[in-house]
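The values are calculated or read from the model by the stated rules, or taken from the named source; none is laboratory data. What you see is a predicted model; the values in this text were computed from it and never measured. With ideal geometry, Cβ positions are generated from the backbone for all residues, glycine too; neighbour counts draw on all protein chains shown. Keep in mind that these areas ignore ligands, DNA and RNA; they rest on the heavy atoms of the full protein, side chains included. Shrake-Rupley method; radii C 1.70, N 1.55, O 1.52, S 1.80 Å.
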Amino acid sequence: MVIDTEQYEPLQIVGTLNIASEIAQRYQLSSLQPLIQSCREVAQHEELSVAVIGRFKAGKSSFLNNFLEREILPVGVVPVTTVVTEISYGPTERATVHFTSGEKEIVGLDEVRSFIAESENPGNRKGVSTVAIELTELAQLRALRFVDMPGLESTFAHNTRTALNWLPKAGLALVAVAVDPPLSQHDVVLIRSLYEYTPKVSLLLTKVDLLIEVEQQEVLVFLNQRLQEAFGTPPEIFPYSIRPGYEHLRVAIKSALIEPLLTGFQEQRDAVLDRKLETLVREGRDYLTLALKSAEPVESEREALRHEVLGEKELIDDLSCRPQ
């Protein structure tokens with residue numbers, strides 16, 4: 001099933017999301033709420049997130065510091081990032097700390113580390129949901145919001161939970177994988193999960209300066225083979241290093257990934273929203289089908305539940321099959 005958002009009126013999208021939200025609340029499908037909220041954000045805002053996600057110590061924060069040419073995010077030899085950090089354009093240079101309580105606090109960039117570093121906010125005991133950093137020099141990239149994610153598979157389980165819970169919000173995803181080891185089964189599973197929320201997934205191969213040129217080519221061939229086996233059409237691979245002498249790799253990502261994203265922004269945005277809506281409709285329908293099959297009360301109660309669930313399921317089917 002494919003939902004063509006270009007032919008979908010904005011009010012139809014809003015209506016679909018309102019119905020999905022009502023069904024999710026009625027049947028306590030809390031797992032659908034992040035995806036519903038993500039669909040609303042993509043539909044209502046002229047902005048896409050560029051999420052950098054992957055295993056801990058894959059070089060995600062170092063990449064963003066280097067790519068944006070600002071040393072903003074803390075880095076270290078142990079897992080550092082404990083909360084989601086967003087970087088985007090703003091008319092004034094500042095950072096806004098959003099707390100899980102709903103409160104927020106504006107701080108200077110020199111204070112950011114105390115909220116997002118594991119060493120200064122262990123286990124996120126300060127209750128931070130996100131830190132949003134605004135930079136004036138990102139005016140040409142104002143349609144994009146770069147997102148630094150806590151690392152996966154570290155000794156801090158809360159970091160992995162935070163990153164995985166954020167996945168439905170992904171607009172464009174860069175999966176960071178260091179050259180040693182170049183790819184794990186967990187990375188493949190992560191990429192497959194991301195494809196549920198966006199068709200724009202790429203692989204960021206970090207720390208390529210650790211290999212000589214021949215070894216770099218061997219790793220690229222290996223990655224292409226593995227990814228082709230897993231996905232048929234493999235995601236694009238972007239080698240990267242923050243070391244001097246590798247500036248051409250930053251230029252390559254800008255020209256091959258970021259500039260096309262900005263040039264065809266509306267098309268890219270529609271494709272992302274399309275994928276999210278497809279997943280939302282499918283998961284909602286699957287939940288309702290499962291509820292119908294697992295209903296085992298007395299016959300009269302079962303029949304009443306059956307009619308109710310079938311009604312909701314037919315409504316979702318109607319939305320997904322609506323003529324374009």
Can you confirm whether P74 is open to solvent by less than 20 Å² (accessible area, probe 1.4 Å), modelled with pLDDT under 90 and not in a helix (DSSP H, G or I)?
yes
If I ask for residues that are in contact with a Leu (Cβ under 9 Å, 6 or more places away or on another chain) and either within 20 Å of V75 (Cβ to Cβ) or without any contact (Cβ under 8 Å) to a residue 12 or more places away in the chain (or both), which ones from segment 218-232 would you list?
E218
Within segment 50-71, how many residues are on the phi > 0 side of the Ramachandran plot and crowded, with 22+ Cβ neighbours inside 10 Å?
2
Scanning segment 118-144 for residues that are in a helix (DSSP H, G or I) and surrounded by 13 or more Cβ atoms within 10 Å (Cβ to Cβ) gives N124, L138, L141
Give me a count of the residues in segment 251-285 that are open to solvent by less than 40 Å² (accessible area, probe 1.4 Å), under 22 Å from L68 (Cβ atoms), touching a helix residue (DSSP H, G or I) at 6+ places or on another chain (Cβ under 9 Å) and of a type outside the set (A, V, I, L, M).
2
What tally of residues in segment 222-250 results from selecting those that are part of a helix (DSSP H, G or I), more than 26 Å from E196 (Cα to Cα) and either of a type in the set (A, V, I, L, M) or open to solvent by 70 Å² or more (accessible area, probe 1.4 Å) (or both)?
3
I'd like the residue in segment 80-117 that is surrounded by fewer than 17 Cβ atoms within 10 Å (Cβ to Cβ) and acidic (D, E) and, out of all such residues, is farthest from L135 (Cα to Cα).
E103
Please verify whether V189 is closer than 23 Å to L277 by Cα and open to solvent by less than 10 Å² (accessible area, probe 1.4 Å), treating the condition exactly as stated.
no
Return the total of residues in segment 151-197 being part of a loop (DSSP other than H, G, I, E, B), more than 25 Å from E218 (Cβ to Cβ) and at pLDDT 90 or above.
5
How about segment 44-67: which of its residues are part of a strand (DSSP E or B) and of a type in the set (S, T, Y)?
S49
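This table checks each residue for (1) more than 20 Å from I242 (Cβ to Cβ); (2) in contact (Cβ under 8 Å) with a residue 60 or more places away in the chain; (3) acidic (D, E); (4) in contact with a strand residue (DSSP E or B) (Cβ under 9 Å, 6 or more places away or on another chain).
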| residue | (1), (2), (3), (4) |
| --- | --- |
| V179 | no, no, no, yes |
| V188 | yes, no, no, no |
| E196 | yes, yes, yes, no |
| P199 | yes, yes, no, no |
| L203 | no, no, no, yes |
| T206 | no, yes, no, yes |
| L211 | no, no, no, no |
| E215 | no, no, yes, no |
Considering only residues that are closer than 20 Å to L261 by Cα and either open to solvent by 60 Å² or more (accessible area, probe 1.4 Å) or hydrophobic (A, V, I, L, M, F, W, C) (or both), which ones fall in segment 155-175?
L167, K169, A170, L172, A173, L174, V175
